[in-house]
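Structure first, then comments.
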Amino acid sequence: MASDGSGLRRVLLLVCLVLCVATLPRRAGAWGADGHHAACLIAEPLLTPTTWKAVNSLLPERANGSLASLCTWADDIKWMWKYHWTAPLHYIDTPDFLCRYDYDRDCHDQHGQKGFCASGAINNFTSQLTNYELPKASRPLLTKTRASEYNLTEALLFLAHIVGDIHQPLHVGFTSDAGGNTITVHWYRRKTNLHHIWDTEMIVKAEDVYYNKSLSNMVDAIILNITNNWIGEAQLWGECPKGEIACPDTYAAESIKLACQYAYRNATPGSTLADEYFLSRLPIVETRLAQAGVRLAAILNRLFDTKSASQRLASH
Ligand code: ADE
Ligand code: ZN
Ligand code: ZN
């Protein structure tokens, strides 16, 4: 009897554990893993061979030559004490209902530290990566390059991640609701928050409904769209207005506009968001993933393949 009782307890515990884990909300705070993987997978085939060589030389061995495999690294480590300071680098809070972004006003952390936001981070990590020099077998072992002042592997991983985040409209959201994190809504029959719907739920729903539950199929479809339907615009997405290597202020200004036009619209606290919201907003999600991928590739090509960058400018 005693062993029967403890066996039953164990089974019940297991059932409870499985149910608890299955119903646990996915972590909030960034494009979910699928969003980041998608952006990086879209960028990878757009990198020139020279850029790939540089990116590969910075990737740790565990990446196995895949930038996408480490595109969520910046989310994985932000809970660690050492990296706590990086938490505000994933987003930008703007004044409620203004629907505009201004670097000088908005790019700071909660203590008012200037530059500690997603656009400041993109500028900073891009600038660090300009110090990159391809490792040369012939260089004397003790030559200290300027690059060694920074951890350029981390700079690359932060850059690849935050270019993704800044394209999620609600990562440039209103201050008082933390980019929709505090707006509780129903997504179909489940209770969640508006931010999570944009980070994760719409991508997962699109995979389920249109892409045979496969992120890879969804990425392939977006890449086909870029090359077949959006090619003219897609070439412009990669450009920066003043010839900068990266122009995060442009990406952030677009995001808050889209947040107001699409994400916050008809998504008041307590509302139920379902097919109508999903179908009308999915094109925005897919376009933002495409733009994030194209722009990440353009930034990396400008950083690491100056020849491709100057050819590109000369052709204009
Ligand atoms: N925390 C505060 N504001 C946020 C935002 N816009 N996105 C993600 N996390 C946040
Ligand atoms: Zn993030
Ligand atoms: Zn998020």
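Structure data summary
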item: For the range 70-222: rounded, prolate or oblate by the Cα gyration tensor [a/c cutoff 1.5]; result: oblate
item: Relative packing of 64-70, 201-207, 159-165, which averages over residues the other C-beta atoms within 10 Å, highest first; result: 159-165, 201-207, 64-70
item: Packing-based ranking, highest mean first, of 192-200, 101-109 given that Cβ atoms within 10 Å are counted; result: 192-200, 101-109
item: Distant-in-sequence amide H partners of Phe174 (H built 1.01 Å from N, under 5 Å); result: Thr94, Gly179, Gly180
item: When the range 149-243 is reduced to its Cα atoms, the Kirkwood hydrodynamic radius in Å; result: 16.1
item: Euclidean distance between Cα centres, the range 214-259 to the range 67-103, Å; result: 20
item: Built amide H within the under 5 Å cut-off of Val185, gap 5+; result: Thr192, Asn193, Leu194, Gly270
item: Set of lysines with alpha-carbon distance to Lys242 below 26 Å, sequence-local pairs under 8 removed; result: Lys114, Lys257, Lys307
item: 10 Å binning of all Cα-Cα separations within the range 181-316, expressed as whole percents from 0 upward; result: 11, 35, 32, 17, 5, 0
item: Around Lys114: net Lys/Arg minus Asp/Glu count, Cβ-Cβ under 13 Å; result: -3
item: Charge context of Thr51, other residues only, Cβ under 12 angstrom, K/R +1, D/E -1; result: +1
item: When the range 21-126 is reduced to its Cα atoms, the Kirkwood hydrodynamic radius in Å; result: 16.0
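Each reported figure results from applying straightforward, stated rules to the coordinates on display, with no laboratory input. Everything numeric here is computed off the predicted structure, so don't read it as measured data. A quick note on method: Cβ atoms are made from the backbone with ideal geometry, for glycine too, and the neighbour counts reach across all protein chains shown.
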